[in-house]
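Below you'll find the structure, written out as structure tokens, and then a few comments.
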Amino acid sequence: MPEAVLFDLDGTLADTAPDLGGALNQLLRERGRDPLPMEKLRPHVSSGARGMIGAGLGITPADPGYVDLQQRFLAIYQEALCVGTRLFEGMAEHLDELDAQAIPWGIVTNKSQRFAIPLMEGLGLRQRCVCIVCGDSARRAKPHGHPMQLASAVMGVAASACVYVGDDERDVISGRAVGMRTIIAGWGYLGDGKPPASWGADAIAGTPQDILQDILGIAAAKR
């Protein structure tokens, strides 16, 4: 068993698409545009404001007016960041199992502290997790390895003894950069780029309940 398990937040621990998508659709309505179906938006949720604004308005950070749109989107989201958001099915039971086995767990997300910490509070998990490393907690965000190093240091566990679970290729890159075993959250958003099987993770978990079994399989394969 690992000494600690770390999770990405959006698309891995929690389904935040309803609230992020809702914020984007409010922004679209303010600009006189029709809202978009959640199916179109879900693949972009893990990329945060940049991904959502790109999906909804076709605007990138290099375009004029992006910063104003970003700030308005984030202001809307902050007002309702844990309304429709829920843990993915099976995640509550998985966290209970980690607690029962005395395996500490934490969060490493590119979400800013002003969103991630209130969100974890809204989910009733802030006091249960050992660390919450955010995009503005580390010197550099994922896919850099520093957030993983910071999380392992806070937990007092070597990075090589941790497992990181995420739903984006940058999660795998960040974890592998510091020697963590990595598992792809097959239930997550997974982006719209390369197929997850090509990301180089140690395993792809179909459901949260599969994570511990996959960890055992990884350990057995390395013996």
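Summary of the geometry: the stretch 139-201 and the stretch 3-48, compared by the centres of their Cα atoms, lie 20 Å apart. Can you give the FRET efficiency for R126 and Q101, using 1/(1 + (r/R0)^6), R0 = 22 Å, r = Cβ-Cβ distance, to the nearest 0.05? The value I calculate is 0.55. With the alpha-carbon atoms of the stretch 3-59 aligned to their principal axes, the span from lowest to highest coordinate is 51, 19, 16 Å, starting with the largest. Summarising the label geometry, the points placed 7 Å from Cα in the beta-carbon direction at A220 and A92 lie 3.1 nm from one another.
In this structure, R140 and A161 have a Cβ-Cβ separation that, at R0 = 22 Å, corresponds to a calculated FRET efficiency of about 0.45.
With the chain treated as a Gaussian network of Cα nodes joined by springs under 10 Å, which of G11, G58, G145 yields the largest mean-square fluctuation? Residue with maximal mean-square fluctuation among G11, G58, G145: G58. Element breakdown for the chain at a 1.4 angstrom probe: carbon and sulfur atoms account for 49% of the accessible area.
Number of Lys-Lys pairs in the chain with C-alpha atoms under 22 Å apart and a separation of 8 or more places or on different chains: 4. Legend: helices of the chain (whole DSSP H runs) are marked when their alpha-carbon atoms reach 15 angstrom or more along the helix axis and their mean Kyte-Doolittle hydropathy is at least 0.0; marked are 211-222.
Note on A75 and R33: their simple-model spin labels are 1.8 nm apart, each label 7 Å out from Cα toward Cβ.
Over all directions, the projected convex hull of the C-alpha atoms in the stretch 145-223 averages 5.2 nm² in area.
With the Cα gyration tensor of the stretch 71-223 giving a ≥ b ≥ c as the square roots of its eigenvalues, does the rule (a/c under 1.5 for rounded; else a/b larger than b/c for prolate; else oblate) give rounded, prolate or oblate? Since a/c stays below 1.5, the shape of the stretch 71-223 is classed as rounded. Assign one of three labels to the stretch 43-144, namely rounded, prolate or oblate, based on the Cα gyration tensor with a ≥ b ≥ c the square roots of its eigenvalues; rounded applies when a/c is under 1.5, prolate when it is not and a/b is larger than b/c, and oblate otherwise. Note, shape of the stretch 43-144 comes out prolate. A 1.4 Å probe, protein heavy atoms only, puts the accessible area of R33 near 110 Å².
Rolling a 1.4 Å probe over the protein heavy atoms gives the chain an accessible area of 44 Å² per residue.
The values are calculated or read from the model by the stated rules, or taken from the named source; none is laboratory data. None of the values given here were measured: they were computed from a predicted structure. No Cβ is skipped: glycine too gets one built from the backbone with ideal geometry, and neighbour counts run over all protein chains shown. Just so you know, the surface numbers come from the protein's heavy atoms only, side chains and all, with ligands and any DNA or RNA stripped out. Shrake-Rupley method; radii C 1.70, N 1.55, O 1.52, S 1.80 Å.
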